[in-house]
1. Give me 124, 81 sorted ascending by neighbouring Cβ count inside 10 Å, so fewest comes first.
2. Going by how many other Cβ atoms sit within 10 Å of their own, how do 208, 115, 58 line up, fewest first?
3. For the pair residue 54 and residue 78, what calculated FRET efficiency results from E = 1/(1 + (r/R0)^6), where r is the Cβ-Cβ distance and R0 = 41 Å, to the nearest 0.05?
4. Taking other Cβ within 10 Å of each residue's Cβ, how do 70, 97 sort, fewest first?
5. May I ask you to compute the full-extension gain from residue 67 to residue 196, defined as 0.36 nm times their residue separation minus their alpha-carbon distance, rounded to one decimal in nm?
6. So, in nm, how far is label residue 173 from label residue 126 when the simple model puts each one 7 Å beyond its Cα toward the Cβ?
7. Run the numbers for residue 140 and residue 105: contour at 0.36 nm per residue of separation, minus the present Cα-Cα distance, in nm.
8. Quick one: divide the alpha-carbon radius of gyration of the range 146-227 by 2.2 N^0.38 Å and tell me what you get.
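Just so it is clear, none of the values below were taken in a lab; they were calculated from the coordinates. All of these numbers come straight from a predicted model, not from anything done at the bench. Neighbour counts run over all protein chains shown; Cβ positions are idealised from the backbone, glycine included.
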């Protein structure tokens, strides 16, 4: 049998070709790939990690400022409500509740204290306490739509859809341009089985806010069901 001679690459001084990768070349490729991945990670992380970190750092700094303000003026209900708000933003709901209650003890007619107290109770799913806080806020400022809206959201959440519609319609009378109000009305009607009215409300929500994604998805779901 004839001997097989390896092909010769003249550009390498007449040495036989080899399928092996030179160690230095492989090392260079690995380093370059690692550097590329690192910088791509930085670019991606800029929109996710770094921005989130900036927001957290800002919220923590605002909380520190609010604590300093309350320490300097502990009998000021506005300062207590502001501190409660930053506790709420940072997810420290029990601390937020405590600050709002301190503010109410100092000023029983403090609308933001009652309203934000309701928000804090919503976060920990203490629905009855939240409803009571919003009712008290309404007694102070009956022309504010937001407490009615939040009561409607709570009733939707706990499955009392007729009560939700009642509260949400009150909110709508006070603010007819709010997409969130009519979306939640539509949600209640959908749960009650009134699909035609639900579709109408979802369409209205999108007229007020064409970028309202939840309303768009709900409308597409119901229209697809009717086809």
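1. Listing 124, 81 from fewest to most nearby Cβ atoms yields 124, 81.
2. 58, 208, 115
3. Using R0 = 41 Å, I get an efficiency of 0.90.
4. Ascending Cβ contact count within 10 Å gives the list 70, 97.
5. Answer, rounded to one decimal: 41.4 nm.
6. The modelled label-to-label distance comes out at 3.1 nm.
7. Gain on extension, residue 140 to residue 105, equals 11.1 nm.
8. The range 146-227 yields a ratio of 0.99.
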